[in-house]
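Every number in this text was worked out from the coordinates using simple rules, so none of it is lab data. From a predicted model like this one, the values you see are computed outputs, not experimental measurements. Note that we place each Cβ from the backbone using ideal geometry, even for glycine, and neighbour counts take in every protein chain shown.
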Amino acid sequence: MNQLVPIKEGEILPPNQEHEDARRQRSIVELTMAMSAWYVRRNSKFYSVVHLNTKLSREDVERSCLRRFATEFPDSDISAAVLKEVFNRAINQKHSVEAQSIPTWNGSVRCEPGKPRFIWEHSMVTVNSWSRPAYRDRDVVASMGKAAEFFDTIFTREAERKKILDWLAWCLQNEGLKPCWAPFLYSAAKGSGKSTFCQLVSRLFGEQNTITQNNVDKLAHQFNATVLTSKLVISEELNLKADSRQGNALKTYLTEEEVTVERKGQESERSKQCCCFLFTTNHLPLWIEENDRRYYLVDIDHEGHASGPKAEEFSNLVGELKEEMAKEQFLAGLYKALMDRKLSDDFSAKTLNVIKDATPLMKKVHGASEQTTMSLMREWMEERSQHAVPESRVAQIIVEDLKGNPNTAKHLMTKLGWSKQKAKWGGADYSRSVWIEDGYWIDRGVLMGPEDYSQRLADHFEEPKGMYRVSPEQYELEEDNNPNELLF
């Protein structure tokens with residue numbers, strides 16, 4: 001005989017009915033809370049928390065929830081009556097149970113590792129773009145595993161390997177903070193493991209918290225919110241021009257904790273960012289300025305690259321590592337090992353000592369510096385008896401002839417003691433800028449100098465020669481017995 005259980009005053013139900021009602025109420029609460037965590041509302045529109053650029057109607061939300069409920073809550077009651085109550089409670093009803101009502105979005109997004117998806121501010125929410133990687137819920141023993149062999153292989157110098165792993169460990173141990181410099185991996189050969197290293201780092205931070213791009217096009221784009229609200233930004237094949245808009249923007253994002261972000265359809269705003277950056281390239285980054293403390297340059301120069309003598313051995317190692325990277329247990333062990341790592345006493349994620357911490361690659365790139373280029377430029381000019389050069393030609397000489405850093409062009413000629421003048425030459429009816437060596441000047445298209453030196457400016461640019469004695473009124477050389485002869 002079934003026992004009757006009182007439900008309400010004056011009402012009794014059989015046990016099976018009691019269980020059904022309890023399941024129904026449990027399902028309503030469970031599904032309502034899930035739905036309220038998946039969406040936000042703003043200006044009578046809805047937005048998925050993982051696709052905040054796309055507006056949704058109420059019908060869009062309800063239809064997408066139907067399929068998601070069935071997939072993620074197979075044991076819940078998803079009858080028409082339950083769904084009606086869920087949608088009504090999450091969307092229509094005005095009540096104070098935050099977890100069971102789709103919240104009003106204030107339009108802001110921030111990356112706040114360790115905090116919940118919704119950050120409540122003045123009864124509205126800022127959406128936290130960060131989400132906890134699933135592997136971190138596993139309880140495992142700390143272990144570097146196959147990653148240790150990989151790190152030992154691609155970072156051939158111990159000091160560089162130590163610095164990179166300290167950086168990675170610091171970023172994971174202090175996930176809510178941002179470092180002020182970034183590893184920059186370079187290799188002349190392809191197949192050196194740079195991309196595999198980036199993929200591994202991405203898995204540790206969580207692929208949902210990472211954005212990978214070629215160069216920095218997305219970062220320097222007007223609508224940069226998606227990039228700047230990520231925790232890890234990977235830029236592969238980074239190759240910038242000296243003093244470029246992208247390069248200047250990158251400097252700001254590497255060091256500033258508060259930047260201007262803009263999302264399509266919304267006003268730009270100042271926002272906190274905690275991005276850490278990781279760069280790779282196959283091009284020697286000569287655009288980096290001397291003593292730039294934002295990039296830790298590492299040459300990935302091991303013998304296992306695609307055309308190296310140990311290519312097969314390294315390829316096998318990468319294959320084994322990628323198999324491990326697909327396992328949450330491996331990621332959890334590596335994460336725990338990095339979280340337990342004791343950082344070097346002299347390590348700082350905020351400053352990079354370009355003298356003490358300089359790698360061989362940093363010295364090479366910084367060696368193509370202003371002082372070196374100044375000496376080379378002076379010698380280049382003297383060897384050719386060049387006393388004037390078009391401003392448009394200076395950067396070309398530095399890069400193509402001297403193989404130097406184009407960033408040095410900005411003040412180089414001034415520091416050499418040259419001055420800039422405007423002049424016409426080559427039949428042009430407009431003036432152009434010309435750099436002139438100290439002691440020389442331009443008079444009506446003729447380069448003049450000490451000891452009655454003179455040469456037509458256009459000729460000087462084409463083929464500088466010895467001492468000319470030519471007046472501004474006379475451009476052609478006379479015969480050997482003429483006083484206006486060429487002196488070698």
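Across the options Ser187, Asn43, Thr229, the greatest Cα extent toward the positive end of the charge dipole of the chain (unit charges at beta carbon of Lys, Arg, Asp, Glu) belongs to Asn43.
Once the Cβ-Cβ distance of Gln329 and Trp380 is raised to the sixth power relative to R0 = 56 Å, the FRET efficiency obtained is 0.40. Under DSSP H, which helices of the chain have Cα atoms covering 15 Å or more of the helix axis and a Kyte-Doolittle average no less than 0.0? Length and hydropathy pass: 194-205, 328-339. The magnitude of the dipole of the chain, with charges of +1 and -1 set on the Cβ of Lys/Arg and Asp/Glu and taken from the Cα centre, is near 2200 debye.
In this rough spin-label picture, where each label sits 7 Å from Cα along the Cβ direction, the Gln246-Glu320 distance is 3.8 nm. Could you pull out the pairs from Lys146/Lys363; Lys194/Lys364; Lys190/Lys410; Lys178/Lys241; Lys194/Lys272 whose alpha carbons sit more than 22 Å apart here? The answer is Lys146/Lys363; Lys190/Lys410; Lys178/Lys241; Lys194/Lys272. Dipole orientation for region 235-385: of the candidates Gln273, Thr351, Met362, Gln273 has the Cα lying most toward the positive pole (charges on Cβ; Lys, Arg +1; Asp, Glu -1). Kirkwood radius, region 5-103, all distinct C-alpha pairs, inverse of mean reciprocal distance: 14.6 Å. Sparse packing (at most 11 other Cβ atoms within 10 Å of the Cβ) combined with a DSSP loop state is found for the following GluC sites (Glu not before Pro) in region 391-462: Glu451.
When you filter the trypsin sites (Lys or Arg not before Pro) in region 205-274 for DSSP loop state and at most 16 other Cβ atoms inside 10 Å of their Cβ, you are left with Lys241, Lys264. Residue-wise HN-Hα couplings along region 386-393, as the Karplus relation 6.51 cos²θ - 1.76 cosθ + 1.60 with θ = phi - 60° gives them from phi, are 8, 10, 8, 8, x, 4, 5, 8 Hz; Gly and Pro carry x.
Dipole of the chain computed with +1 at Lys/Arg Cβ and -1 at Asp/Glu Cβ about the Cα centre; of Val201, Asn282, Phe150, farthest Cα towards the positive end is Val201. Taking amide H atoms as placed 1.01 Å from N in the peptide plane, the amide H of Thr156 lies under 5 Å from those of Asp301, each 5 or more residues away in sequence or on another chain.
Labels on offer are (i) 33; (ii) 46; (iii) 22, and the one holding percent of Cα pairs over 40 Å apart computed from this structure is (ii). Computed from the C-beta positions of His122 and Lys342, the FRET efficiency with R₀ = 45 Å rounds to 0.60. Reachable lysines from Lys424, Cα under 22 Å, same-chain residues fewer than 8 places away excluded? The reachable lysines, counting only those whose Cα sits under 22 Å from Lys424, are Lys465.
Note on Glu72 and Lys415: their simple-model spin labels are 5.7 nm apart, each label 7 Å out from Cα toward Cβ. The stretch between Thr156 and Arg58, if pulled fully straight at 0.36 nm per residue, gains 29.6 nm over its current Cα-Cα span.
In this simple spin-label approximation, Thr351 and Val140 carry label points 7 Å from Cα along the Cα→Cβ vector, and these lie 3.8 nm apart. Loop-located trypsin sites (Lys or Arg not before Pro) across region 86-141 with a Cβ neighbour count of 11 or fewer within 10 Å are Lys94, with loop assigned by DSSP.
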